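Reading through the structure tokens given below for one structure.
The values are calculated or read from the model by the stated rules, or taken from the named source; none is laboratory data. Remember, it's a predicted structure, so these values are computed and weren't measured experimentally. Please note: Cβ atoms are built from the backbone with ideal geometry, for glycine as well, and neighbour counts cover all protein chains shown.
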Amino acid sequence: MHYNSQQNSSGIHTKNKVVLLVLVTGAVLFGSIIFFNTVTASPQAGTSDADVVIDSNWYDWGDIPINGGKVTKDFIIKNSGLETLQLRNVKTSCHCTTASVIIEGSESAAFRMGRTSTWVGEVKPGQEAILHVVFDPAFHGPQGTGPINRYISVEINDPSNGKLTFTLTGVVVK
């Protein structure tokens with residue numbers, strides 16, 4: 001009896017191709033089911049009807065004297081939705097900048113770059129919060145002169161916008 005290695009090898013390759021085709025088809029079908037069920041699912045319980053409105057998300061301090069002391073800017077964050085707006089995970093882009101949130105006269109701790117907080121501020125429908133930003137031009141010392149761009153991020157539960165970013169610019173001068 002003559003053994004044909006090419007025929008046997010070809011038979012193995014055919015079996016591998018069939019198995020691979022079945023696996024790929026199954027994965028595509030499974031992925032499609034998951035995707036379409038996710039896209040067409042009705043809103044889940046607990047989704048928010050909070051709706052954030054901000055007066056502005058950008059401010060330019062212009063020239064900031066390095067020895068002139070800290071400068072501040074307040075941004076208004078309003079909840080025009082039907083449910084409570086939650087503010088959390090407030091972060092700044094540099095240690096020279098802090099941000100706190102004032103709600104109904106009560107001020108949070110100062111938030112900075114790189115720190116995660118469990119603090120959650122709640123703004124009732126129709127109410128406002130103040131994002132209070134403080135920049136210290138002397139923080140980086142005498143070499144800290146020149147243009148600056150600082151960013152504050154605030155995570156929110158508004159379903160159309162999960163994060164607010166505020167930009168502050170200026171030029172630190174001697």
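General remarks:
- Test: residue in segment 117-126 that is surrounded by fewer than 19 Cβ atoms within 10 Å (Cβ to Cβ) and farther than 21 Å from Ala50 by Cα: yes
- If you go through segment 113-137 and keep only what is touching a residue at least 40 places away in the same chain (Cβ under 8 Å) and of a type in the set (S, T, N, Q), you end up with just Gln127.
- When segment 59-98 is filtered for residues that are polar (S, T, N, Q) and within 20 Å of the chain's Cα centre (by Cα), the ones remaining, listed by number, are Asn79, Thr84, Gln86, Asn89, Thr92, Ser93, Thr97, Thr98.
- If the condition is being more than 30 Å from Leu168 (Cβ to Cβ) and at pLDDT 50 or above, then segment 25-73 contributes Thr47, Asp49.
This table checks each residue for (1) on the phi > 0 side of the Ramachandran plot; (2) of a type outside the set (A, V, I, L, M); (3) part of a strand (DSSP E or B).
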| position | (1), (2), (3) |
| --- | --- |
| Gly69 | yes, yes, no |
| Ile77 | no, no, yes |
| Ala109 | no, no, no |
| Thr118 | no, yes, no |
| Ile130 | no, no, yes |
| Gln143 | no, yes, no |
| Ile148 | no, no, yes |
| Asn157 | no, yes, yes |
| Thr167 | no, yes, yes |
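- Residue check for Gly81: part of a loop (DSSP other than H, G, I, E, B) and either closer than 29 Å to Ala50 by Cβ or at pLDDT 95 or above (or both): yes
- Matching residues in segment 127-170 - criterion: being among the aromatic types (Phe, Trp, Tyr) and either over 19 Å from the mean Cα position of the chain (by Cα) or over 15 Å from Val53 (Cβ atoms) (or both): Phe135, Phe139, Tyr151
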